[in-house]
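These notes are about the structure you will find just below.
The values are calculated or read from the model by the stated rules, or taken from the named source; none is laboratory data. Model, not experiment: these values are computed from the prediction. With ideal geometry, Cβ positions are generated from the backbone for all residues, glycine too; neighbour counts draw on all protein chains shown. Quick note on the areas: whole protein, heavy atoms, side chains included, nothing else; ligands and nucleic acids left out. Shrake-Rupley method; radii C 1.70, N 1.55, O 1.52, S 1.80 Å.
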Amino acid sequence: MSNYWIRTASGKKFDYSLGVDNDVDFFDIAEHLSKMPRFAGACRPSLSVAQHSVNVSVLMERDGGGPIHALYGLFHDAHEAYIGDMPTPLTDYMFALLGTDVKERIVDGIDAAVYRKLDLEYPIPDKIADKLHFFDKAAFAAEGKALVKGFQIPDGCPTADMGSISPVGQEQAYRMFTERFTRLNTARQRWKAA
């Protein structure tokens with residue numbers, strides 16, 4: 001094993017150099033994301049990546065995608081459990097400096113490991129990926145507008161009705177994420193059996 005690893009909340013090792021061969025743990029992902037703030041911590045009150053992921057999952061399901069689409073939505077930022085929530089302007093600047101998207105290369109291996117463990121197709125099928133991108137951006141717009149001082153929705157950014165956005169604490173965000181995962185996974189198993 002390399003020296004490119006971290007210890008997760010459950011005590012497991014996660015090795016960045018293994019990429020798709022990592023044994024990811026869904027409850028580690030929930031634990032880490034529930035403690036990770038969106039918008040580099042600029043939200044007041046703080047909104048976790050776990051709650052954002054639940055928001056995107058709800059939008060995907062509400063659009064008629066069923067449990068499979070909703071699972072993609074719930075785990076679309078799962079890689080952030082291992083690398084953090086890096087603001088897009090920072091990753092764009094890193095690309096400008098390095099001439100390559102280093103983050104994306106690392107993220108691809110982590111996402112592949114997550115979706116393989118979920119028994120979901122990866123790369124994400126185009127139709128689902130397009131909806132996921134739309135609803136991720138729509139959630140970004142709604143969350144930013146509601147919680148970040150001075151935030152302006154970028155031109156061309158999609159929007160969606162998310163009602164009132166009320167950030168919850170770490171424990172509740174963890175429960176929201178894990179309960180949604182359990183419900184969606186059970187619904188998916190029933191759907192497969194039918």
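Criterion applied to V107, V49 was being among the aliphatic types (A, V, I, L, M) and under 18 Å from A142 (Cα atoms), and the one residue passing it is V49. Of everything listed in (1) within 21 Å of H52 (Cα to Cα); (2) touching a residue at least 60 places away in the same chain (Cβ under 8 Å), the single unmet condition for V107 is (2). Report the residue count in segment 132-155 for those that are open to solvent by 30 Å² or more (accessible area, probe 1.4 Å) and either farther than 18 Å from L74 by Cα or of a type in the set (S, T, N, Q) (or both). Qualifying residue count, segment 132-155: 9. For first residues located in segment 166-194 and farther than 29 Å from L147 by Cβ, partners that are open to solvent by less than 40 Å² (accessible area, probe 1.4 Å) and part of a helix (DSSP H, G or I) and lie 6+ apart or on another chain with Cβ distances below 6 Å form the pairs A187/P67; R188/P67.
This table checks each residue for (1) within 30 Å of Y4 (Cα to Cα); (2) basic (K, R); (3) assigned to a loop (DSSP other than H, G, I, E, B).
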{"position": "M94", "(1), (2), (3)": "yes, no, no"}
{"position": "K127", "(1), (2), (3)": "no, yes, no"}
{"position": "F135", "(1), (2), (3)": "no, no, no"}
{"position": "A142", "(1), (2), (3)": "no, no, no"}
{"position": "I153", "(1), (2), (3)": "no, no, yes"}
{"position": "C157", "(1), (2), (3)": "no, no, yes"}
{"position": "M162", "(1), (2), (3)": "no, no, yes"}
{"position": "E171", "(1), (2), (3)": "yes, no, no"}
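Determine whether segment 1-10 contains at least one residue that is surrounded by fewer than 16 Cβ atoms within 10 Å (Cβ to Cβ), of a type in the set (D, E, K, R) and at pLDDT 95 or above. Within segment 1-10, one or more residues are surrounded by fewer than 16 Cβ atoms within 10 Å (Cβ to Cβ), of a type in the set (D, E, K, R) and at pLDDT 95 or above. Total residues in segment 168-194 satisfying the condition of being more than 30 Å from C43 (Cα to Cα) and either open to solvent by 100 Å² or more (accessible area, probe 1.4 Å) or not hydroxyl-bearing (S, T, Y) (or both): the figure is 9. Taking every residue in segment 19-30 that is open to solvent by less than 50 Å² (accessible area, probe 1.4 Å) and pairing it with any residue that is among the hydroxyl-bearing types (S, T, Y) and outside any helix (DSSP H, G or I), at least 6 positions away or on another chain, the pairs with Cβ-Cβ distances below 6 Å are D25/S10; D28/T8; D28/S10. In segment 67-88, the qualifying residues are those that are open to solvent by 20 Å² or more (accessible area, probe 1.4 Å) and part of a helix (DSSP H, G or I), and the one that is modelled with the lowest pLDDT is T88. Among the residues of segment 116-174, those identified as at positive phi and at pLDDT 95 or above are D119, G150, G156. Candidates in segment 33-66 are the residues that are free of Cβ contacts under 8 Å to residues at least 60 places away in the same chain and closer than 15 Å to V168 by Cα; of these, the one that is surrounded by the most Cβ atoms within 10 Å (Cβ to Cβ) is V49.
So that you can scan it fast, the table gives a plain yes or no per residue for (1) closer than 17 Å to L74 by Cβ; (2) out of contact with any Leu (no Cβ under 9 Å at 6 or more places or on another chain); (3) open to solvent by less than 30 Å² (accessible area, probe 1.4 Å):
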site	(1), (2), (3)
A113	yes, no, yes
C157	no, yes, yes
M162	yes, no, no
I165	no, no, yes
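When the test is whether a residue is more than 13 Å from the chain's Cα centre (by Cα), under 30 Å from V148 (Cα atoms), polar (S, T, N, Q) and modelled with pLDDT under 95, T91 passes it.
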